[in-house]
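*Asks:* One structure follows; several queries about it will come next.
The values are calculated or read from the model by the stated rules, or taken from the named source; none is laboratory data. It should be emphasised that the depicted structure is a prediction, and the values quoted were computed from it without experimental measurement. Note: ideal-geometry Cβ built from the backbone for every residue, glycine included; neighbour counts use all protein chains shown.
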């Protein structure tokens with residue numbers, strides 16, 4: 001019974017990922033759609049990549065002030081943001097069946113890793 005539930009859960013995750021990739025092929029990937037599968041996939045992605053908020057906070061703080069503040073204060077800001085992003089992702093996954101679908105409980109509509117990638121590109125290149 002337990003193995004059957006695990007297999008069913010994996011199948012549901014695989015189907016949700018396929019629905020998201022199909023939606024991305026149909027239109028612009030950057031636009032936020034409003035379906036439960038998109039909310040679930042956004043939550044899964046933010047839960048898996050919440051750690052990207054830590055270096056992003058350090059880079060943003062270093063750009064705004066200086067490198068020492070980026071390592072200390074930026075680390076603290078990044079840790080807080082990563083916790084918020086991870087908890088928000090879990091919340092999105094568990095509430096994917098209820099509206100609103102177009103935003104996270106944190107108010108952000110972006111994926112954590114996409115936002116961090118943009119920050120890294122601005123800082124490094």
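*Asks:* With respect to residue 63, determine if the residue is surrounded by 15 or more Cβ atoms within 10 Å (Cβ to Cβ) and either within 18 Å of residue 9 (Cβ to Cβ) or in contact (Cβ under 8 Å) with a residue 12 or more places away in the chain (or both).
*Replies:* No.
*Asks:* Looking at (1) under 22 Å from residue 98 (Cα atoms); (2) part of a helix (DSSP H, G or I); (3) modelled with pLDDT under 80, can you tell me which one residue 41 breaks?
*Replies:* (3)
*Asks:* Looking for whichever is within 28 Å of residue 12 (Cα to Cα) and either at pLDDT 80 or above or within 18 Å of the chain's Cα centre (by Cα) (or both) here; the options are 120, 94. Which one fits? If you could, list the steps in order and put the result at the bottom.
*Replies:* On the way: 120 fails: within 28 Å of residue 12 (Cα to Cα).
Testing whether each residue is within 28 Å of residue 12 (Cα to Cα) and either at pLDDT 80 or above or within 18 Å of the chain's Cα centre (by Cα) (or both) leaves just 94.
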